[in-house]
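First comes the structure, then the notes that go with it.
The values are calculated or read from the model by the stated rules, or taken from the named source; none is laboratory data. The model shown is predicted, which means the values in this text are computed figures rather than measured ones. Don't worry about glycine lacking a Cβ; one is built from the backbone with ideal geometry, like all the others, and counts go over all protein chains shown.
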Amino acid sequence: MLADFDKEGFKKEVITNVKTLFRKPIEEATPQQVFQAVSYAVKDDIIDRWIATHKEYEKKNVKTVYYLSMEFLMGRALGNNLINLTYYDAVKEALDELGFDLNFIEDQEPDAALGNGGLGRLAACFLDSLATLGYPAYGCGIRYKYGMFKQGIKDGYQVEMPDDWLKDGNPFEVKRSEYAVEVKFGGYVRVENKNGRNYFIQDGYQSVRAVPYDLPVIGYGNNVVNTLRIWDAEAIQEFCLDSFDKGEYEKAVEQQNLAKTIVEVLYPNDNHYAGKELRLRQQYFFISASVQRAILKFKELNKDIHKLPEKVTFQMNDTHPTVAVAELMRILMDEEGLEWDDAWDITTRTCAYTNHTIMAEALEKWPIELFSRLLPRIYQIVEEINRRFVLKIQEMYPGNQDKVKNMAVLYDGQVKMAHLAIAGSYSVNGVAALHTKILEERELKDFYEMRPEQFNNKTNGITQRRFLLHANPLLANWITDKIGDEWITNLSHLKKLKVYVNDEKCQHEFMNIKYQNKIRLAKYIKEHNNVDVDPRSIFDVQVKRLHEYKRQLLNILHVMHLYNRLKTEPEFDMYPRTFIFGAKASAGYKRAKLIIKLINSVADVVNNDASIEGKIKVVFIENYRVSNAEIIFAAADVSEQISTASREASGTGNMKFMLNGAPTLGTMDGANVEIVEEVGIENAFIFGLSAEEVMKYEREGGYNPMDIYNNNQAVRRVLTQLIDGTYASDDPDRFRDLYDSLTKEDVYFILKDFDSYAEAQQKVDKAYQDEKGWAKMAMLNTACAGKFSSDRTIEEYAKEIWKLKKVKVSLDK
Ligand code: 26M
């Protein structure tokens, strides 16, 4: 803890804040009001550091990374801010003295859920690491009025409710009206010739005012406070009085409506492109605002625009921000007056692109008709980028039309955003070794062959500050007792725990901490699901977005299979197991929603069958999100990472489980491969087809699931139970779609991997009963998790892609 925390002053401030904010004495304040008052007091501690940080950045005129992302899945801020200020324990004490429990106060804060899943949470972890390492960085995104929907479960089905996360205000944000900029949509492009040069002017457009709100991103114990800048949209003129006077009321409010709709809601699609015009509006809105602002800031400190790549990198989080390439070109040419070649040289040394998926349905391809209508000037620029890029391809591969077809930015009436991103970037990276290899050898092979030096891997990571120090205080303290606290900012220190893995006392301590965390989760489940679970059972957890490729269906089919065995094989026994699921399905993804219903239907039957003596419990945790994830990871015994090999680019939940001492039950996919490399294959439960095997089947047109259906009795039995009413007595056809998907094509190889999965599950059962062996395995997972810190990932980005320098910030009082 830093010496400069003034406990008495802090308490006074909280009391004053309640009074000035809510005109109440603290005794009468609601918990939400106390949360607000505490947060404003903490914000006061942040502000000086925030100002000092940016003063230092300006003084040094440092290179800055702008992390451009449609999503930042931040979760709650209060606890994390206290952790990183190193004030958590002191504030806990101060609040105790005021008669409040800090945990309870933290629970009053809504999650900032401005993201879907992995990609958005990765962005949040990166911001934490950038600040902790002292790298100058901005996160740039959208201030969605409604974030990721709240999930309810009604009658076993998912229902979506709006996430009104700003309804009580956000104590940590600062509105920066002085940095507002205009963003233009639609209209047409007029050419004006001045002094022999053509200028392109967008006319007849609609526009909105982009207004930034800044959120502090606090580095751990280093006084650095970076900024997450999220943009709100306002009408240029609140009320067009002119139109109003003329009685054209509709026209007067048109601008306001346009502004409102742009930032209204986060699209809840994960790994799926839908081609909605509003989505493209959102993309251009926050990109134009962010790039304009970045250039203005650059010009405050630098004279020569050619120096931009020395001072700025735009890192594009997937293809969603890729209009940045064309927007930067527009600003450099139309506003800075550069010629094409000059502008292109600067742009392609400033932009970099991260790919997060090889799922074909996730690839963004905008219809040219839509794109050019909404962004006429940007489209002209994309056309020229494409023309020159195609020339280059033809130069390299004369007469090879396939290359043009596979690589052009414009093709088949579509703008291919990944191709634009690659053409406009100096770096293209994948997010795990296997994923990058698949990009190079298959998905982006032609691009790789054209420019191999552009490609690189940056294996994902997670922040140990949130996912261990904050989420699992018992384990965090135990680790610090054993090896000191350097792991908080250098996770590789965890390997020092290896000397304890055979020590029985340590094993007991470690497993007792796990047990305490399981009690905490059991309590949460009792409160939220009204299901009793036994904390002595194996907590087997799969939490992540619901998607067919992630194969929650494989997991629940296997539960059905175990249940069948318990019911029909007198000899069969198993260690009690609690299967825990948490997953949101995109609102329009029917099959995903049906899988949620199946999980809940199986839970209903199994949990209420006294004859199996509680050997299996199935729990579906409602509204899985960052805040409850923290409780869940800490309590897990088994980490389910069972995607079809080659499909999960990396995964990051896998790392959070590992860090908290849960071995992986998984396929050789994404970062699982590297997890196994670190911890040893004997300390994981690996099963299923390899990525190579999956891709080979796919080249040959798939496999025939009926072969398995016909030859595998266990599989046939669970499949039959999908259509005979075992889990849907009121409507036996309810799950027929799942049955059909598995028996007709089974594109995700669920039946193919079933036996191998069941076998791995049996190994888990056996391994868990060897108490010492399990304790050792669990501890080794924690001890070997060092590589998976986002600090390591960010160091690699900073050194190899961004070329950033660290900055030190001191508070002179
Ligand atoms: C696209 C179009 C319209 C609306 C939404 C989208 C969209 C949103 C999120 C598409 C993809 C989105 O996210 C993809 C994602 O989360 N990918 C995951 O990224 C993680 C971080 O790199 C990886 O660990 C996961 O393996 C990968 O699935």
Considering only segment 470-521, how many residues are over 18 Å from Phe657 (Cβ atoms) and among the hydrophobic types (A, V, I, L, M, F, W, C)? 5
Being surrounded by 24 or more Cβ atoms within 10 Å (Cβ to Cβ) and either without any contact (Cβ under 8 Å) to a residue 24 or more places away in the chain or within 16 Å of the ligand (Cβ to nearest atom) (or both) is the filter here, so list the residues in segment 294-316 that pass it. Gln315, Met316
So which residues in segment 434-475 are under 30 Å from His493 (Cα atoms) and out of contact with any helix residue (DSSP H, G or I) (no Cβ under 8 Å at 6 or more places or on another chain), if there are any at all? His435, Thr436, Lys437, Pro473
Could you list, in sequence order, the residues of segment 146-164 that are among the hydrophobic types (A, V, I, L, M, F, W, C), surrounded by fewer than 17 Cβ atoms within 10 Å (Cβ to Cβ) and under 22 Å from Asp731 (Cβ atoms)? Val159
Taking segment 717-760 as the search range and keeping residues that are of a type in the set (Val, Ile, Thr) and in a helix (DSSP H, G or I), which one is farthest from Asp669 (Cα to Cα)? Thr720
Inspect all residues belonging to segment 278-293 and state whether any of them is aliphatic (A, V, I, L, M), more than 9 Å from the ligand (Cβ to nearest atom) and surrounded by fewer than 18 Cβ atoms within 10 Å (Cβ to Cβ). yes
Give Asn600, Asn608, Asn555 a once-over and let me know the one that is in contact (Cβ under 8 Å) with a residue 24 or more places away in the chain and out of contact with any Asp or Glu (no Cβ under 8 Å at 6 or more places or on another chain). Asn600
Single residue of segment 84-93 satisfying the filter (surrounded by fewer than 23 Cβ atoms within 10 Å (Cβ to Cβ) and not aromatic (Phe, Trp, Tyr)) that is farthest from Gly221 (Cα to Cα): Glu93
Tell me which of these Ala767 doesn't satisfy, since it passes every other one: (1) within 30 Å of Leu494 (Cβ to Cβ); (2) crowded, with 22+ Cβ neighbours inside 10 Å. (2)
Can you give me the number of residues within segment 162-214 that are part of a strand (DSSP E or B) and farther than 24 Å from Arg293 by Cβ? 8
Determine which member of the set Ala77, Ala90, Ala37, Ala41 is touching a residue at least 40 places away in the same chain (Cβ under 8 Å) and more than 30 Å from Arg279 (Cα to Cα). Ala90
Check Asp503, Asp534 and return the single one that is in contact with a Gly (Cβ under 8 Å, 6 or more places away or on another chain) and either within 29 Å of Ala476 (Cα to Cα) or among the β-branched types (Val, Ile, Thr) (or both). Asp534
Glu509, sole failed condition from (1) under 29 Å from the mean Cα position of the chain (by Cα); (2) more than 20 Å from Lys617 (Cβ to Cβ); (3) surrounded by 15 or more Cβ atoms within 10 Å (Cβ to Cβ): (1)
Please tell me if Ile519 is more than 26 Å from the chain's Cα centre (by Cα), within 22 Å of Asp107 (Cα to Cα) and among the β-branched types (Val, Ile, Thr). yes
Is segment 440-456 home to any residue that is within 15 Å of the ligand (Cβ to nearest atom) and aliphatic (A, V, I, L, M)? no
Matching residues in segment 93-125 - criterion: being within 15 Å of the ligand (Cβ to nearest atom) and closer than 12 Å to Glu71 by Cβ: Ala113, Leu114, Gly115, Asn116, Gly117, Gly118, Leu119, Gly120, Arg121, Leu122, Ala123, Ala124
Quick one: is Leu553 at negative phi and assigned to a helix (DSSP H, G or I)? yes
Answer yes or no: is there a residue in segment 565-585 that is buried (at least 22 other Cβ atoms within 10 Å of the Cβ), more than 29 Å from Asn512 (Cα to Cα), at pLDDT 95 or above and out of contact with any Phe, Trp or Tyr (no Cβ under 9 Å at 6 or more places or on another chain). yes
Checking the structure you have, find out if any residue of segment 165-182 is crowded, with 24+ Cβ neighbours inside 10 Å and in contact (Cβ under 8 Å) with a residue 24 or more places away in the chain. no
Kindly indicate which of Glu364, Glu383, Glu369 is within 14 Å of the ligand (Cβ to nearest atom) and either modelled with pLDDT of 95 or more or more than 13 Å from Thr319 (Cβ to Cβ) (or both). Glu364
In segment 343-355, which residues are surrounded by fewer than 21 Cβ atoms within 10 Å (Cβ to Cβ) and in a loop (DSSP other than H, G, I, E, B)? Thr348, Arg349
Regarding segment 265-278, can at least one residue be identified that is assigned by TED's automatic domain parsing to the domain that holds Pro136, at pLDDT below 95, among the polar types (S, T, N, Q) and outside any helix (DSSP H, G or I)? yes
Scan segment 605-627 and give yes if some residue there is within 30 Å of Tyr697 (Cβ to Cβ) and within 16 Å of the ligand (Cβ to nearest atom), otherwise no. no
Please find, within segment 569-583, the residue that is farthest from Asp163 (Cα to Cα) out of those that are in contact with a helix residue (DSSP H, G or I) (Cβ under 9 Å, 6 or more places away or on another chain) and not in a strand (DSSP E or B). Phe572
Across segment 301-343, which residue is nearest to the chain's Cα centre (by Cα) among those that are more than 26 Å from Ala418 (Cα to Cα) and among the basic types (Lys, Arg)? Lys307
